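Chemist: This structure is in C-alpha cells; I'll ask about it shortly.
Please treat every number below as a calculation from the coordinates, not as lab data. In this text the structure is predicted, and so the values were computed from the model without any measurement. So basically every Cβ, Gly included, is an ideal-geometry build from the backbone, and we count neighbours across all protein chains shown.
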Amino acid sequence: SPSGSTSVIEGGSQSFTVTPNKGFTLEGVVVDGVSVGAVSSYTFSNVTAAHSISASFVPSGTVSIGSADLADKDGKRTVKSGYGIYANVQADFVDVENVYVTASYNFGKGTKTVALEETSKGRFEFPKNTASPSKYRCVYIPVDTKDKTYTVTFTITGTNAAGTEISASKNATITVKGDMYQDDFSGDRK
C-alpha cells in the first residue's frame, strides 16, 4: 500500500507498506529488480527517476499431529481380539479450512479408513460406533485377528488459502495378543 502507479514530486519520498492477506505470509520484496528480503515496509527517498517495487506471498497454512495414541478402554496398548480400541489424536492446524483426520488400518481383513471426529479443540477420536451397545468411540478388532503388532496411520488434511490440500501423518501401534473368548468363563468357546 499504496498499490499501482504512484506519482512522487522530484526529490520527494514515498513509503510502501507490505501486508499479506489472511492465510498468507510475506515471502519477499523486490526493489528495482533486487531482493531486499521480507520487509514489511520500504521507503524511496530523494526520488529522481522511476522505481519499481513488488512483493510475493506464500500460503501460511500448516497442519500437524502432535500425538496419536491407541489403547483399550483401560489404557492398555496390548488388547485381545474382539475388543475395541480407542484413539486420542492431538492435531494442530493454522490458517486452513476443511480440516479432517482419518485413521487407516488393516487387521487382516483389508485396509479400512475411518474419519475421526473433533471432540474438543484439536482433539480427535473415533466416531461413536453403532455396533457398540453404549456407542463407545472405538473400533473393534475382528475376533479372528492374528497375534502381532498392528500400525494405524492417522492423517490430518486441510486446505490452505491458495486452495491447496496439505496433510501430515503419524503412526501409532496396538498389539493384539489372545482373543475375547479367553475371557468367556461359560466354557462355550466357538
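Chemist: Over all directions, how big on average is the projection of the convex hull of the alpha-carbon atoms in the chain, in square nanometres?
Modeler: Hull-based average projected area comes out at 15.1 nm².
Chemist: Can you tell me how much longer the chain between HIS51 and THR130 gets when fully stretched, taken as 0.36 nm per residue apart minus their C-alpha distance, in nm with one decimal?
Modeler: 21.8 nm
Chemist: Hey, what does the equivalent ellipsoid look like for region 59-131, semi-axes from the Cα gyration tensor as sqrt of 5 times each eigenvalue, largest first, whole Å?
Modeler: 26, 14, 11
Chemist: Only loop residues by DSSP count here, and only those with at most 13 other Cβ atoms within 10 Å; note down the trypsin sites (Lys or Arg not before Pro) in region 1-86 that meet that.
Modeler: LYS22, LYS73, LYS76
Chemist: Among VAL152, VAL79, VAL39, determine the one that fluctuates most according to a GNM of the chain built with springs between C-alpha atoms less than 10 Å apart.
Modeler: Judging by the Gaussian network model, the answer is VAL39.
Chemist: Tally Lys/Arg at +1 and Asp/Glu at -1 over every other residue whose Cβ is under 14 Å from the Cβ of SER134; what's the total?
Modeler: So the surrounding residues net to +4.
Chemist: Once you place label points 7 Å from the Cα toward the Cβ at SER3 and SER167, how far apart are they in nm?
Modeler: So the two model labels end up 3.4 nm from each other.
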